[in-house]
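K.L.:
Pasting a structure here, questions to come.
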There are 4 protein chains.
Amino acid sequence: MKIGIIGLGRMGGNIARRLIRGGHEVVAWDRNADAVKELKGDGAIAAESLADIKSKLGTPAIYWVMLPAGAPTEETIEALCAEDCAEGDIIIDGGNTFWKDDVRRAKTLAEKGVHYVDVGTSGGVWGLERGYCMMIGGDKATVDLLDPIFDTLAPGVGSVPRTPTRGEECDPRAEKGYIHAGRAGAGHFVKMVHNGIEYGLMQAYAEGFDVLWGRNVDHLPEEERFEFNMAEVAEVWRRGSVISSWLLDLTASALAQDQKLSQFSGKVADSGEGRWTIDAAMEQATPVAVLTTALFARYRSRIDDMYGDKLLSAMRFGFGGHVEIPQ
Amino acid sequence: MKIGIIGLGRMGGNIARRLIRGGHEVVAWDRNADAVKELKGDGAIAAESLADIKSKLGTPAIYWVMLPAGAPTEETIEALCAEDCAEGDIIIDGGNTFWKDDVRRAKTLAEKGVHYVDVGTSGGVWGLERGYCMMIGGDKATVDLLDPIFDTLAPGVGSVPRTPTRGEECDPRAEKGYIHAGRAGAGHFVKMVHNGIEYGLMQAYAEGFDVLWGRNVDHLPEEERFEFNMAEVAEVWRRGSVISSWLLDLTASALAQDQKLSQFSGKVADSGEGRWTIDAAMEQATPVAVLTTALFARYRSRIDDMYGDKLLSAMRFGFGGHVEIPQ
Amino acid sequence: MKIGIIGLGRMGGNIARRLIRGGHEVVAWDRNADAVKELKGDGAIAAESLADIKSKLGTPAIYWVMLPAGAPTEETIEALCAEDCAEGDIIIDGGNTFWKDDVRRAKTLAEKGVHYVDVGTSGGVWGLERGYCMMIGGDKATVDLLDPIFDTLAPGVGSVPRTPTRGEECDPRAEKGYIHAGRAGAGHFVKMVHNGIEYGLMQAYAEGFDVLWGRNVDHLPEEERFEFNMAEVAEVWRRGSVISSWLLDLTASALAQDQKLSQFSGKVADSGEGRWTIDAAMEQATPVAVLTTALFARYRSRIDDMYGDKLLSAMRFGFGGHVEIPQ
Amino acid sequence: MKIGIIGLGRMGGNIARRLIRGGHEVVAWDRNADAVKELKGDGAIAAESLADIKSKLGTPAIYWVMLPAGAPTEETIEALCAEDCAEGDIIIDGGNTFWKDDVRRAKTLAEKGVHYVDVGTSGGVWGLERGYCMMIGGDKATVDLLDPIFDTLAPGVGSVPRTPTRGEECDPRAEKGYIHAGRAGAGHFVKMVHNGIEYGLMQAYAEGFDVLWGRNVDHLPEEERFEFNMAEVAEVWRRGSVISSWLLDLTASALAQDQKLSQFSGKVADSGEGRWTIDAAMEQATPVAVLTTALFARYRSRIDDMYGDKLLSAMRFGFGGHVEIPQ
């Protein structure tokens, strides 16, 4: 198919490349001219402006917007609609957009006859080679029309063993690595929850390794101390244990390089999806204590000097005359 | 009554003083001779050794051991039993002993005809003036016999308003500030849970003030910023709000001195009771997520460099190529 | 002062009564004519419609809107502004409004020269007698002008002991039970955090009593069992302990009536403030794990049949062949 | 090698079978004669009593005890030592023993010249085919001597991709699925933490699917509702997403059979390891809020009628006159 890719950063660039390798025609654009040039070298048709893309696409025009969520994506879609969209055109938002923005946009664009599709994309920097896991929201006809695109981007059946209980009547797309999750917004909703889970999984591993690492210290009594090798533990858990996972593979890889993880400061960032998952849970009154606790551990990691902790010390001093532990 | 007090630290010394003021005869001993001397000045009978106490007490001898939990208390009680105890004597442990140690000791001492009473004591440095809230475990006859001691130490009915629904048939001791909670171990069990709750309450206030304090910053957009005065907020909540409490009184007092709490580092200690409450909850499969989260917040406050956080960063780098937030 | 009260429910009615008792002139209105009639009997001037209030108030007109947050409050304020407001008039929102709605409204009303004041009110059904603890947002001149109103509604200095460290130069209003917390929105923000803390405090007590109650059972080994009396424990903790509070007073009162709490189902509601506190914390990246865990415990209390729990069982069956505990 | 297996339940029986298939000589015993008979049919040498095993083993005798942790294991090891052990013999505990019991036993047995090895085993009912992931504690010489046993039981390198950063100098055993984690106790310690992490991972998935499932309901406003297919979501996440894992494979398998999970009640059991992980964390003051929250969610799942929740309702009634949500 012919498709315009807007935004050629780490994600957009590789998505364009994977599509080109898969035989699609890609019209590429980015505010950064070098990124366009580089992708031209990889086989893309270079666009010179947002408006120029339209002229280089067929009918209907299909745009894949791959920009940071929020203003950059919003403004680009508005600009596309304002001038360049015709009835029947398709705008795909492949970024990390808040799902309620999808719901709103889909409604607005539908009034102009433009189809809106939201694609939550997982796979990170590995997607170019491994393929992208995609969760898609939008109307059925449009999602079906775009199937060749998704089929190329997805990992494909590959070497992942088949789920043994899965009947032949099940949608074959899931086994290739993409699903039509529902109406507009559904794709980013599922991707959002995916990220919420991701935080919880990561924190579970982090806490477990913290307990192990905490035994490799001098200040515990000798009989409570061990000398665990973090890299060996991570490696063995990859092999037949209940907790094997891709995140554990990455952990084993990092620990094999340096089990002290000296190059990392431990100030951990978080993105919108973790927070939105909590919001969605609150909206529907679903308890998600692990996902939230995991998010808050990241906040805490970035705070050097915690006001609330000082308040605890102040109260302890107040009722018990306790002075703080010497620094 | 005549009673021996062993351990004249911050708690033991004031308990002795309150008993003397209440007309009891106190035989005082401590490894620190100066502490004994000081208390003699306050009206106590000074003992020169652990053994010397016995000779200065009546029959049955009543000992109040007020030492750090664990080895100091254990060894002192063993020493008392080995040499100085006669059938009918009473040993009170007023410290922060683990309740299962009480259960064990009561059984061992009972074989010698010695009565063991565990007293969980709340009130901190304020107890000398305000009186001590006491939760008592032991056999009924002994606890009844000791009533004059507890009556003196307790706050008394004072100005705390009567619980309106409380019937006349209720045990009047609770309204004076002490209860017979049950058999040996019950006193320290209730005190342990009291401290578990205390951690939870403190953390709830700490988090709330953290949210307020976090609005007094420059890096938020102007319309999301406020200039809250922490001291005024704490003060107003003392007055007719649902969250008024003694801990809030102490908070207001600390904040009125310095709402920045600059003298505190925020490295917050914890004592055994918080942990034992979690253990007790796990023994009976009761979920106590708030109490545990509060305890863990204190652990976290004392860690500068968290291994698990580095692991999170390592995973994020692994799947997304994310580099950490610059320091 | 002369003031119109719109909304004569449990809160609004008592606020009107307390103002009348304090010598103010109250013009009362509610959609429910009986409520108006009843308040007329208590000394209010009855209004026959929203529009009628204006004619019965002075200049500037002062309105206190005391309605459920969201649509009822929003629509009422819109209606007041559309027709009945003149420059200089004052609209007070005393309900549980989301603070960002205050920020927006204050801006909109300011364009018409109308002053907007948000008052977070704590004290519940006890406010008529005890007075209301109030956290106020708005411009200084307007808040100062309204001082006689707040002074009447507040508890006053009363019998709450003075915070000893509080200097004479501090704002005397806090000690009477109200503060000017900042610009519009600040009042409801502080009240929101108050409620967030309230959830945390309540859950801390609930978990502690759960641990105690969980020992009064037959299925534990005898040496791990006690027979705690919940009413006596709550009562004694009111007396000199570190965890005494108004919430504990209420707990003691409920337990003195029936320590089994048989009349309660344990399905616990929550209101917007708890959720908004989490939102505010996420906006500023402040960890509030205890407040959130407390909120989620309420959600969980209302769920009979938890999908996620079934999923845990399904996984356990998957890897271990574990069948579930028989019901 | 020749080895005695004591305990032929789900785990012990399959371990024996995998060893026999691998060419080892297995002397099998169980209190249940049918289990012995069945294993004899699979090629084992049947023992008629605990004592009989010794006579059928070589020198040194090697025992693999595969019994429930606690009394069954303890008493069996005591019985072996009392009569049947000679200097140089080896006792392996392959169950889910508490690591401090290992430390104690290793010390006691060492006095008799008997070697103690603790093996934490993961892999569940899949181990016979997939192999067992093993974490081993004990002295180096003994663990080395037993290598043929572990090598047979482990999954082997198989199809799991090599960790790319792993140097050639790394211990090759980890890549085959077993490690020598350290001195006695280290094996069960690492296995314990493995299970702690397992709880956290499972709860993260459970919460995420709960959020998705919670959107498939009628009571939400239409624009907040979706119709997610749980089986398709689980399947697609197995394919190139960041959260792919073996637990997710099992989840997908369960959901493909019945996305409503109707056969499960959702009362979720827990075993000792989860609790011991919290204990270990408290011993070393490491915060593990996610692991603990996950454990507590299981406790909560088993409680129909929560005392603490009733207390929350009682407090709400106390301060606000709130009556509970109708059932």
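The values are calculated or read from the model by the stated rules, or taken from the named source; none is laboratory data. As the structure is a prediction and not an experimental result, all values here were calculated from the model. Virtual Cβ from ideal backbone geometry, glycine too; neighbours counted across all protein chains shown. To get the accessible areas, we keep the full protein, side chains included, count just its heavy atoms, and leave off ligands, DNA and RNA. Shrake-Rupley method; radii C 1.70, N 1.55, O 1.52, S 1.80 Å.
K.L.:
Does segment A:254-271 contain at least one residue that is modelled with pLDDT of 95 or more and under 13 Å from C:L295 (Cα atoms)?
P.N.:
No, segment A:254-271 contains no residue that is modelled with pLDDT of 95 or more and under 13 Å from C:L295 (Cα atoms).
K.L.:
Mind checking whether some residue in segment D:254-264 is among the aromatic types (F, W, Y), more than 10 Å from chain A (Cβ to nearest Cβ), over 30 Å from B:W276 (Cβ atoms) and within 24 Å of the chain's Cα centre (by Cα)? Talk me through it step by step, then tell me what you get.
P.N.:
Within segment D:254-264, the first condition is being among the aromatic types (F, W, Y), and the residues that meet it are D:264.
Filter once more, keeping what is more than 10 Å from chain A (Cβ to nearest Cβ): D:264.
If we keep only those that are over 30 Å from B:W276 (Cβ atoms) as well, we get D:264.
With the extra rule that they be within 24 Å of the chain's Cα centre (by Cα), the set shrinks to D:264.
Scanning segment D:254-264 turns up at least one residue that is among the aromatic types (F, W, Y), more than 10 Å from chain A (Cβ to nearest Cβ), over 30 Å from B:W276 (Cβ atoms) and within 24 Å of the chain's Cα centre (by Cα).
K.L.:
Sticking with this structure for a sec: Report, ordered by the first and then the second residue, all pairs with beta carbons closer than 7 Å, sequence separation of six or more or different chains, a first member in segment D:187-204 that is over 18 Å from D:G138 (Cα atoms), and a second member that is among the charged types (D, E, K, R) and modelled with pLDDT under 95.
P.N.:
From segment D:187-204, the pairs are D:N195/D:E273; D:G196/D:E273.
K.L.:
Give me a count of the residues in segment D:2-32 that are surrounded by fewer than 22 Cβ atoms within 10 Å (Cβ to Cβ), part of a loop (DSSP other than H, G, I, E, B) and in contact with a helix residue (DSSP H, G or I) (Cβ under 6 Å, 6 or more places away or on another chain).
P.N.:
Residues that pass the stated criteria total 1.
K.L.:
Okay, moving on. Residue by residue through segment B:158-182, note down the ones that are of a type in the set (D, E, K, R), at the interface with chain C (Cβ under 7 Å from one of its Cβ atoms) and more than 20 Å from the chain's Cα centre (by Cα).
P.N.:
Within segment B:158-182, B:R166, B:D171 qualify.
K.L.:
If you check D:A51, D:A71, D:A47, which single one turns out to be among the aliphatic types (A, V, I, L, M), under 21 Å from D:A16 (Cα atoms) and at pLDDT below 95?
P.N.:
On the way: D:A71 fails: under 21 Å from D:A16 (Cα atoms); D:A47 fails: at pLDDT below 95.
Checking each option against the conditions leaves just D:A51.
K.L.:
Here's a follow-up. Take C:A289 and tell me if it is farther than 30 Å from B:E168 by Cα, free of Cβ contacts under 8 Å to residues at least 60 places away in the same chain, touching a Phe, Trp or Tyr at 6+ places or on another chain (Cβ under 6 Å) and within 7 Å of another protein chain (Cβ to nearest Cβ).
P.N.:
Working: farther than 30 Å from B:E168 by Cα: yes; free of Cβ contacts under 8 Å to residues at least 60 places away in the same chain: yes; touching a Phe, Trp or Tyr at 6+ places or on another chain (Cβ under 6 Å): yes; within 7 Å of another protein chain (Cβ to nearest Cβ): yes.
So C:A289 fits the description; yes.
K.L.:
Checking the condition open to solvent by less than 40 Å² (accessible area, probe 1.4 Å), in contact (Cβ under 8 Å) with a residue 12 or more places away in the chain, small (G, A, S) and assigned to a helix (DSSP H, G or I), which residue from D:A51, D:A35 passes? Outline the logic, then answer.
P.N.:
Values: D:A51 fails: open to solvent by less than 40 Å² (accessible area, probe 1.4 Å).
One residue alone meets the criteria, D:A35.
Let's see how each residue does on (1) under 23 Å from B:E198 (Cβ atoms); (2) among the charged types (D, E, K, R); (3) modelled with pLDDT of 95 or more:
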site: B:T142; (1), (2), (3): no, no, yes
site: B:T152; (1), (2), (3): no, no, yes
site: B:G167; (1), (2), (3): no, no, no
site: B:A181; (1), (2), (3): yes, no, yes
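K.L.:
For segment B:247-257, what are the residues that are among the small types (G, A, S) and either open to solvent by less than 10 Å² (accessible area, probe 1.4 Å) or in contact (Cβ under 8 Å) with a residue 24 or more places away in the chain (or both)?
P.N.:
Residues of segment B:247-257 that are among the small types (G, A, S), as a first pass: B:252-254, B:256.
Within segment B:247-257, B:A252, B:A256 meet the criteria.
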